[in-house]
Amino acid sequence: MTIDEAVRKQEIAIKNILYLLKKQGKKIGDLEISIGVAKGYISRCKYGSKQRISFLTMLMAADYVETPLQDLVSEDFVKELELEEIQRQIEELKRLKEKLLREE
């Protein structure tokens, strides 16, 4: 794995952790307290920062959001959610189109 690939996986993992925290109604500060890292550490590791999250921290964060680490680094949950929403909108538009055609 190249450094660029590792950085990309880390970025995906952080984005997924933040997404899952929000989805579960949890706060990033509570995660940081729970896993014993400094306040703001996770935030400093996101958005292309030069600071990198440690493997152990990612492992503990994965446990906190109840998701296997492998899933956090290999899937982009936000992108999957966006695709699901687009598919839902397409299906809704198809139903609307059929309804309008029946009414003509």
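A few comments on the model shown:
- Pairs with C-alpha atoms separated by more than 32 Å, drawn from the list 22/99; 9/39; 26/50; 27/99; 15/97, are 22/99; 27/99; 15/97.
- When you work out D = kT/(6 pi eta Rh) for the chain at 4 °C and 1.567 mPa s, using the Kirkwood radius from C-alpha pairs as Rh and the Stokes-Einstein form, the result is 83 µm²/s.
- Charged-residue dipole, Cβ positions (Lys, Arg, Asp, Glu), the chain about Cα centre, Debye nearest 20: 460 debye
- For the stretch 8-101, the list of chymotrypsin sites (Phe, Trp or Tyr not before Pro) that fall in a loop by DSSP and count at most 14 other C-beta atoms within 10 angstrom reads 47.
- Hydrodynamic radius by Kirkwood, which averages 1/r over all alpha carbon pairs of the stretch 22-74, in angstrom: 11.5 Å
- DSSP-loop GluC sites (Glu not before Pro) across the stretch 1-66, with at most 13 other Cβ within 10 angstrom: 66
- Note: the stretch 1-42, Cα convex hull, 75 Å³ per residue.
We did not get these values from a lab; they are worked out from the coordinates using the rules stated. Everything numeric in this text was worked out from a predicted model, so none of it was measured. Every residue, glycine as well, gets a Cβ built from its backbone with ideal geometry; the counts of neighbours run over all protein chains shown.
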